[in-house]
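Peer 1: Here it is, the structure, as structure tokens.
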Amino acid sequence: MRSLLRPDASSELRRRLARLGRVFELQPIAEQAMGATEAAQYYELCFGAYRRRHSREGAVHLALNEGGRFDPEGFSGQLRRLLALWAGRPTTDVLEIGFGHGYNLAWLAERLPATRFEGLDLTPRHVEHVAALLRERGLANVHARQGDFHTQPFADASFDHAWAIEVLCYATDTPRALAEAARVLRAGGTLTLYDGYLTRPGTTMTADEQLAVCLGAKGMAMPGMQVAAELIAQAEAVGFGLERRVTLDRMVVPSVKRLERLMGLFVRWPWLARRLLARLNPVAMRNVLSGYLACPTLELGLWTYLEIVLRKRA
């Protein structure tokens, strides 16, 4: 992470917070509680925007790109890593926690036709969209259902593997969500997480840094960012062992820079941004906060993008 740090990263973060403050009322957003209702509302309202501005194919996560340049092929980067992780292991029954627009489920189901895939997602529009997508593609080995990952509608020991890409960050009770994932996995099964995590607790950060990481989370209707070490400790407490932890910061930089450019256009002219904010849904527009603050907070080493593989102990 040290190699990503720019000499002026702290002053740049301060400048960006000031620019955002000319458009948004930052403190009320930082203080707003976020839960399941807010997360579902955010994804309902942002459904079209994700398709138009992020990924026509339906990915709703960061791409993994080599070489420092963004390429939409990178949206399958996490999925290719999953295939490599699962190679030589049982893959009879697999679960995606939070399937979004169905990109991940469809991509993997087409490549593993003998595997039964289940998907769980909180947002009704996602479930409707993915059910239609699966019918259109003739994928009979996938079932998508609505539900909350804090209380999964599956029997004990139902799956060989589970994965979540930028989803468990929406947990309002992380130990409970991890315990549910452990419950539905078979002994020796894996839970693989791809997400951005804080590198240290917020109490060790400056006031600007704390505000920035808080706004980045609230901009996407998250309760807050999880600390990587704390999440791993919570997972171990409910029956998992850490099998693998890989830092993928450099691979997400092109995606982060792309979001930065898009969101930077919005804040360049504050008077126009405020007018647009008054006309458009403010909940959906708050993702400007996340995109505009992601790069300097990454450069400062406040968060890191990880692949975490947890194995359920026998």
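The values are calculated or read from the model by the stated rules, or taken from the named source; none is laboratory data. Bear in mind the structure is a predicted one, so any value in this text is a computation, not a measurement. Here the Cβ positions follow ideal geometry from the backbone for every residue, glycine too, while neighbour counts run over all protein chains shown.
Peer 1: Among the residues that make up the stretch 268-289, is at least one of them hydrophobic (A, V, I, L, M, F, W, C), touching a helix residue (DSSP H, G or I) at 6+ places or on another chain (Cβ under 7 Å) and on the phi > 0 side of the Ramachandran plot?
Peer 2: no
Peer 1: Got at least one residue in the stretch 77-84 being surrounded by 12 or more Cβ atoms within 10 Å (Cβ to Cβ), over 24 Å from residue 109 (Cβ atoms) and out of contact with any Gly (no Cβ under 7 Å at 6 or more places or on another chain)?
Peer 2: Checking the stretch 77-84: not a single residue is surrounded by 12 or more Cβ atoms within 10 Å (Cβ to Cβ), over 24 Å from residue 109 (Cβ atoms) and out of contact with any Gly (no Cβ under 7 Å at 6 or more places or on another chain).
Peer 1: Grab the strands (runs of 3 or more DSSP E) fully contained in the stretch 106-185, keeping just those with 3 or more residues being over 25 Å from residue 90 (Cα atoms).
Peer 2: Because the criterion is at least 3 residues that are over 25 Å from residue 90 (Cα atoms), no strands (runs of 3 or more DSSP E) in the stretch 106-185 meet it.
Peer 1: Against the definition (at pLDDT 95 or above, over 15 Å from the mean Cα position of the chain (by Cα) and either of a type in the set (Gly, Ala, Ser) or closer than 15 Å to residue 192 by Cβ (or both)), how does residue 64 come out, yes or no?
Peer 2: no
Let's see how each residue does on (1) in contact with a Lys or Arg (Cβ under 7 Å, 6 or more places away or on another chain); (2) within 29 Å of residue 175 (Cβ to Cβ); (3) hydroxyl-bearing (Ser, Thr, Tyr); (4) crowded, with 18+ Cβ neighbours inside 10 Å:
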| site | (1), (2), (3), (4) |
| --- | --- |
| 229 | no, yes, no, no |
| 232 | no, yes, no, yes |
| 239 | yes, yes, no, yes |
| 245 | no, yes, no, no |
| 263 | no, no, no, yes |
| 269 | no, no, no, no |
| 279 | no, no, no, no |
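Peer 1: May I ask you to verify whether residue 177 is surrounded by fewer than 19 Cβ atoms within 10 Å (Cβ to Cβ) and among the hydrophobic types (A, V, I, L, M, F, W, C)?
Peer 2: no
Peer 1: Residues being of a type in the set (Gly, Ala, Ser), within 24 Å of residue 314 (Cα to Cα) and in contact with a Leu (Cβ under 9 Å, 6 or more places away or on another chain): count how many of those fall in the stretch 164-195.
Peer 2: 4
Peer 1: Still on this structure, please answer the following. Across the stretch 265-314, which residue is farthest from the chain's Cα centre (by Cα) among those that are within 30 Å of residue 188 (Cα to Cα) and hydroxyl-bearing (Ser, Thr, Tyr)?
Peer 2: 304
Peer 1: Just name the residue that is farthest from the chain's Cα centre (by Cα) out of those in the stretch 151-173 that are crowded, with 18+ Cβ neighbours inside 10 Å and over 24 Å from residue 114 (Cβ atoms).
Peer 2: 171
Peer 1: Among the listed residues 189, 196, which satisfies the condition of being touching an Asp or Glu at 6+ places or on another chain (Cβ under 8 Å), crowded, with 20+ Cβ neighbours inside 10 Å, touching a residue at least 24 places away in the same chain (Cβ under 8 Å) and farther than 28 Å from residue 291 by Cα?
Peer 2: Within the list 189, 196, the selection yields 189.
Table: residues versus (1) modelled with pLDDT of 95 or more; (2) part of a loop (DSSP other than H, G, I, E, B).
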site	(1), (2)
189	yes, no
196	yes, no
209	yes, no
215	yes, no
220	yes, yes
224	yes, yes
232	yes, no
255	yes, no
263	no, no
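Peer 1: Of all residues in the stretch 198-207, which are outside any loop (DSSP other than H, G, I, E, B) and more than 29 Å from residue 45 (Cβ to Cβ)?
Peer 2: The answer is 203, 204, 207.
Peer 1: Among the residues of the stretch 134-142, are any touching a strand residue (DSSP E or B) at 6+ places or on another chain (Cβ under 8 Å), under 19 Å from residue 308 (Cβ atoms) and surrounded by 14 or more Cβ atoms within 10 Å (Cβ to Cβ)?
Peer 2: The answer is no; no qualifying residue exists.
Peer 1: Do you know which of the residues in the stretch 114-133 that are among the acidic types (Asp, Glu) and buried (at least 20 other Cβ atoms within 10 Å of the Cβ) is nearest to the chain's Cα centre (by Cα)?
Peer 2: Here the answer is 121.
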